[in-house]
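Please read the structure below before turning to the comments.
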Amino acid sequence: MAKFSLSKVLYGASDMTVGTPWKNILMFTLPMLLGNIAQQLYNTVDTIVVGKFIGDNALSSVGSAGPIINMLLVLFIGVSAGANIMVSQYYGAKNREGLSYTIGNSLTVTAICCVFLMIVASPFIRPALEILNTPPHLIDGCTNYLMISLMGIAGLAFYNILSGILRGMGDSVSALIYLLIATVINIVLDIFFVAVIQMGIGGVALATVIAQMVSAALCVVKLSKMRSDFDFGLKYMKPKAAYTKTIIRLGIPSGITQAIFSSAMVIVQSLTNQFGDQFIAANVVIMRVDGFAMMPNFSFGMAMTTYAGQNVGAGLYDRVTKGAKQGTLMAVSCSAVITGVILLLGKYLMAIFTDTTELVDMSYYLMTILAAGYIAVAVTQSLSGIMRGAGDTMTPMWISLITTVAVRVPVAYGISFLTRTPELPYGRCECIQLSLLFSWVLGAVITAIFYRVGKWKTKAIKQ
């Protein structure tokens, strides 16, 4: 009789091709959701510390830096997405060699991207902030924050790649444990660097960089011990064209999707900056609450990617369809609850980040505009996760392109232009949130249509 191992159940790879679909998805989602919440705490703690110990201007600096940081992560999001899809399908197909080369080549590609980004992006940080109409009194703080984050980007990059690999094999618990450890480190260092030795906004960035490096190192140690599932060594890190090309082919659409989203945020940030410091600070608060509100949607989306990948790899398409229905229903139900919480307790949530009453009121008002949109995003993330897991990364990319570039940006600037008055020379600031809500709803409708068409069923990796 095989010996039962609790540690294997909790921290080992998980086969999602057997068992009840909704239970597979839920048990995989819960620890990943906690992990995503912990990761969001990085930014949240940064915001609280900055707002309480430095002030609202520094809070605005962090907010202005956000879209640029997201743009810097485009390469790694693409690599992570490609690796996650390949790992889940090879694991579902029980292809040990394919799994080993995928993991090794993913690490090599990530290292190359890190070096490339640090060298190429550094000279453009300050000019980018100036192009975005960042208020002059915020530029120095933004530049300092971004440069430190860029120099330490390897920690964030490798954690995202390695945790994605673990998730592809069905292990969402290990990444959670490591991220919780890193979160505690981040909180302690935030307080020490900012409140104790008064490093200012640079201390916030440095604390996050150190914490991320710790989480990445722990993931490496974990993977090195999983020899029963795949082979881990320098042999498999040597670039092999078949695997590297597939990682890039599958990852590019996800990377482009993130690039589109980040570009839209950068363009909209330029509009946001015109509404003044208080509106910029309000958007920072909104983004922090929004980050937590979105976590269940992203978690279900990633769970559906792994679930679909493993079952597509095993050729179980009926099981994929069944899981898609059950997973989407769970995601929508969760988002409905979150929407209710935001509407009922929103002001208390906003007050965590700032003591300025006017800022709390503005943040809450703008957040109520977005609230119902989280239900729409639940549909988009769940069904897009299924399509990505099956190997169809192009369809979600085109949907993102349409809703973000062709819809959100023009709607935001259109509302701004049409609502201009002598008292409001840039129009109504609600244009930012209204455009986002509209793009979310449209995205859900289009995603549901393309899922039903079913071309994603023909995109599996050839074993």
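The values are calculated or read from the model by the stated rules, or taken from the named source; none is laboratory data. In this text the structure is predicted, and so the values were computed from the model without any measurement. Using ideal geometry, Cβ is built from the backbone for each residue, glycine included, and neighbour counts are taken over all protein chains shown. Keep in mind that these areas ignore ligands, DNA and RNA; they rest on the heavy atoms of the full protein, side chains included. Shrake-Rupley method; radii C 1.70, N 1.55, O 1.52, S 1.80 Å.
Using the structure shown, decide if residue 221 is modelled with pLDDT of 85 or more, open to solvent by 20 Å² or more (accessible area, probe 1.4 Å) and hydrophobic (A, V, I, L, M, F, W, C). Reasoning before the result, please.
On the way: modelled with pLDDT of 85 or more: yes; open to solvent by 20 Å² or more (accessible area, probe 1.4 Å): yes; hydrophobic (A, V, I, L, M, F, W, C): yes.
Here the answer is yes, as residue 221 does meet what is asked.
Condition first: open to solvent by 20 Å² or more (accessible area, probe 1.4 Å) and either polar (S, T, N, Q) or within 16 Å of residue 152 (Cβ to Cβ) (or both). Now tell me which residues in the stretch 166-188 satisfy that.
If the condition is that a residue be open to solvent by 20 Å² or more (accessible area, probe 1.4 Å) and either polar (S, T, N, Q) or within 16 Å of residue 152 (Cβ to Cβ) (or both), then 185 is the only one that fits.
Out of 300, 279, report the one residue that is farther than 16 Å from residue 338 by Cα, assigned to a helix (DSSP H, G or I), open to solvent by less than 40 Å² (accessible area, probe 1.4 Å) and touching a residue at least 12 places away in the same chain (Cβ under 8 Å). Spell out how you get there, then give the answer.
Details: 300 fails: farther than 16 Å from residue 338 by Cα.
Every option except 279 fails the conditions.
Give, as residue ranges, the helices (runs of 4 or more DSSP H) completely inside the stretch 322-409 that count at least 2 residues that are farther than 22 Å from residue 21 by Cβ, more than 20 Å from the chain's Cα centre (by Cα) and of a type in the set (A, V, I, L, M).
Numbers: elements: 357-370, 373-389, 394-400.
Filter on the stretch 322-409 gives 357-370.
From 144, 133, which residue is open to solvent by 20 Å² or more (accessible area, probe 1.4 Å), of a type outside the set (Val, Ile, Thr) and outside any helix (DSSP H, G or I)?
On the way: 144 fails: outside any helix (DSSP H, G or I).
On inspection, the qualifying residue turns out to be 133.
Where residues in the stretch 1-35 are at pLDDT below 75 and not in a helix (DSSP H, G or I), which of them is farthest from residue 331 (Cα to Cα)? Even if it seems obvious, please write down each step before you answer.
Of the stretch 1-35, the ones at pLDDT below 75 are 1-14, 35.
Still in the running and not in a helix (DSSP H, G or I): 1-5, 12-14.
Values: 1: 38, 2: 36, 3: 35, 4: 32, 5: 31, 12: 25, 13: 23, 14: 21 Å.
If we take residues in the stretch 1-35 being at pLDDT below 75 and not in a helix (DSSP H, G or I), then 1 is farthest from residue 331 (Cα to Cα).
Suppose the filter is over 22 Å from the mean Cα position of the chain (by Cα), more than 21 Å from residue 258 (Cβ to Cβ), open to solvent by 80 Å² or more (accessible area, probe 1.4 Å) and of a type in the set (A, V, I, L, M); does residue 449 pass it?
Details: over 22 Å from the mean Cα position of the chain (by Cα): yes; more than 21 Å from residue 258 (Cβ to Cβ): yes; open to solvent by 80 Å² or more (accessible area, probe 1.4 Å): yes; of a type in the set (A, V, I, L, M): yes.
In short, yes.
Output yes when any residue across the stretch 416-426 is closer than 22 Å to residue 83 by Cβ and out of contact with any Asp or Glu (no Cβ under 7 Å at 6 or more places or on another chain), and no when none is.
As a first pass, look at the stretch 416-426 and keep what is closer than 22 Å to residue 83 by Cβ: none.
No, every residue in the stretch 416-426 fails to be closer than 22 Å to residue 83 by Cβ and out of contact with any Asp or Glu (no Cβ under 7 Å at 6 or more places or on another chain).
Residue by residue through the stretch 321-341, note down the ones that are under 26 Å from residue 458 (Cβ atoms) and of a type in the set (A, V, I, L, M). Walk me through how you get there before you give the answer.
Within the stretch 321-341, the subset under 26 Å from residue 458 (Cβ atoms) is 321-329, 331.
Those that are under 26 Å from residue 458 (Cβ atoms) and of a type in the set (A, V, I, L, M): 324, 329, 331.
Would you pick out the residues in the stretch 189-208 that are touching a helix residue (DSSP H, G or I) at 6+ places or on another chain (Cβ under 6 Å) and either exposed (fewer than 15 other Cβ atoms within 10 Å of the Cβ) or closer than 14 Å to residue 150 by Cβ (or both)? I'd like the intermediate steps shown before the answer.
First pass over the stretch 189-208, keeping only residues touching a helix residue (DSSP H, G or I) at 6+ places or on another chain (Cβ under 6 Å): 189-190, 193-195, 199, 201-208.
Across the stretch 189-208, the qualifying residues are 195, 202, 205, 206, 208.
Limited to the stretch 219-261, what total is found for residues that are part of a helix (DSSP H, G or I), without any contact (Cβ under 8 Å) to a residue 40 or more places away in the chain and under 19 Å from residue 14 (Cα atoms)?
Adding up the residues that qualify gives 2.
Among all residue pairs at least 6 apart or on different chains, which show Cβ distances below 6 Å where the first residue, located in the stretch 164-175, is in contact (Cβ under 8 Å) with a residue 40 or more places away in the chain and the second is open to solvent by 10 Å² or more (accessible area, probe 1.4 Å) and charged (D, E, K, R)?
Listed pairs, sorted by first residue: 174/222.
May I ask you to say which residue of 400, 382, 416 is over 19 Å from residue 321 (Cβ atoms), polar (S, T, N, Q) and open to solvent by less than 10 Å² (accessible area, probe 1.4 Å)? First the steps, then the outcome.
Numbers: 400 fails: open to solvent by less than 10 Å² (accessible area, probe 1.4 Å); 382 fails: over 19 Å from residue 321 (Cβ atoms).
Result: 416 is the single residue among 400, 382, 416 that is over 19 Å from residue 321 (Cβ atoms), polar (S, T, N, Q) and open to solvent by less than 10 Å² (accessible area, probe 1.4 Å).
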